[in-house]
Structure formats: structure tokens, C-alpha cells
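The values are calculated or read from the model by the stated rules, or taken from the named source; none is laboratory data. Predicted, not measured: the structure shown is a model, and the values here were computed from it. Cβ atoms come from the backbone with ideal geometry, glycine included; neighbour counts cover every protein chain shown.
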């Protein structure tokens, strides 16, 4: 009876040790995976990566460089991923979306039809969420502006998901300057 109790106690200790090692091993693996993903994603999160890796992005990259998000008097530079992916603070959503979009870009690059910049631009505009803009531009009413701009900004704040209140309706050129020598002004 004593030996049986000792054997059960010893088996429980071994089981606890195995479970603890597995748990802490899992934690270490998760931390290492987190670090690896961040290190691997960092170069691919730069705007230069998008413009140098994919010839389809050349026009968009040049238009971005001419825009207020690419260069401005304040020296603030907004990267492609800042507008075209969920915020980095939402890590798992950001990584999952980046993986999906990146995979789709590669598949389209190698197996898709001819690249149509205008179609791509329209698709990007359709998918631009006001939340993306408001992530950085949360002080819409603090800036001086005319009454029409103030009214439009109040509408965006009160009903940000309404189709008629999309930031890109008025600010389409904020991320990619189109009124430049890069594009013909067709009417």
C-alpha cells in the first residue's frame, strides 16, 4: 500500500514536470516565433520593398513619393503598410492581413492577368477605411479649415462607416499624388 502511494506520488510529480516543461517550452517557442516574425517582416514592411520588388507598384510608389504622405514640410513619412494594412498595434490582425495580401500579390504577379493600375487604384480606394485615416488623423476638428471641411469632418466623426463620408472622397490624393506630371490629365 505504501509503495503504491509512493508510486502514484512519483508518477504525479513526473506528470507535473512534463506538463511544466511542455508549458514553458511552448512559451519560449511562442516568444521566439514572435521575434522571428517581427524580424522577418521588418524589411518587407518598408515602402522601398514594395516599390523595388514589384514592378506593378512603380507608378504607385512614385505617386506616393510625391504625396504629402511620402514627403512633407514636417518630415513625416507614412509607409505603405500604415495605410494599406491594419494598424501594427493589432499585431495578429496586421500579420494575418499582411500574409494574405502578400500572398495574393505574389500570385497575381506570377499567374494573374496584365496589371491595370487604374483598376488597382479603384480597388484600393474602395477598401480604404476611415478608421485607417483616423488612426493618425484623430484631431480633425482641431485644425483650422473652411466651414465645408468642418462639416465634412463632423460627418466623418459622427458616421465614419457611411459610404458618403469616406475620407478618400475628398482626400484621394493624400496618399498618392495624381495631379502631377506622372499622370496625363484625361477628361
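Tabulated data
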{"read-out": "Segments classed as helices (runs of 4 or more DSSP H), wholly inside the stretch 54-166, with at least 1 members that are out of contact with any helix residue (DSSP H, G or I) (no Cβ under 8 Å at 6 or more places or on another chain)", "value": "58-66, 91-111, 117-127, 130-136, 147-158"}
{"read-out": "Evaluation of residue 5 against (1) surrounded by 10 or more Cβ atoms within 10 Å (Cβ to Cβ); (2) over 18 Å from the mean Cα position of the chain (by Cα) (one fails), failing number", "value": "(1)"}
{"read-out": "Subset of the stretch 103-130 (residues that are within 19 Å of residue 62 (Cβ to Cβ) and touching a residue at least 24 places away in the same chain (Cβ under 8 Å))", "value": "105, 109, 115, 117, 120, 121, 124, 125"}
{"read-out": "Unique residue being within 23 Å of residue 136 (Cβ to Cβ), exposed (fewer than 12 other Cβ atoms within 10 Å of the Cβ) and modelled with pLDDT under 85 when the list is 118, 89, 48", "value": "48"}
{"read-out": "Residue under evaluation residue 43, criteria (1) under 19 Å from residue 97 (Cα atoms); (2) at pLDDT 85 or above, criterion not met", "value": "(2)"}
{"read-out": "Residue list for the stretch 37-53, restricted to those being in a helix (DSSP H, G or I), in contact (Cβ under 8 Å) with a residue 24 or more places away in the chain and farther than 19 Å from residue 133 by Cβ", "value": "37, 41, 44, 50"}
{"read-out": "Residue among 79, 56, 65 that is closer than 30 Å to residue 126 by Cα, at pLDDT below 80 and surrounded by 14 or more Cβ atoms within 10 Å (Cβ to Cβ)", "value": "56"}
{"read-out": "Some residue of the stretch 69-76 being buried (at least 18 other Cβ atoms within 10 Å of the Cβ) and closer than 17 Å to residue 174 by Cβ", "value": "yes"}
{"read-out": "Filter result for residue 23 (under 30 Å from residue 88 (Cα atoms) and assigned to a helix (DSSP H, G or I))", "value": "yes"}
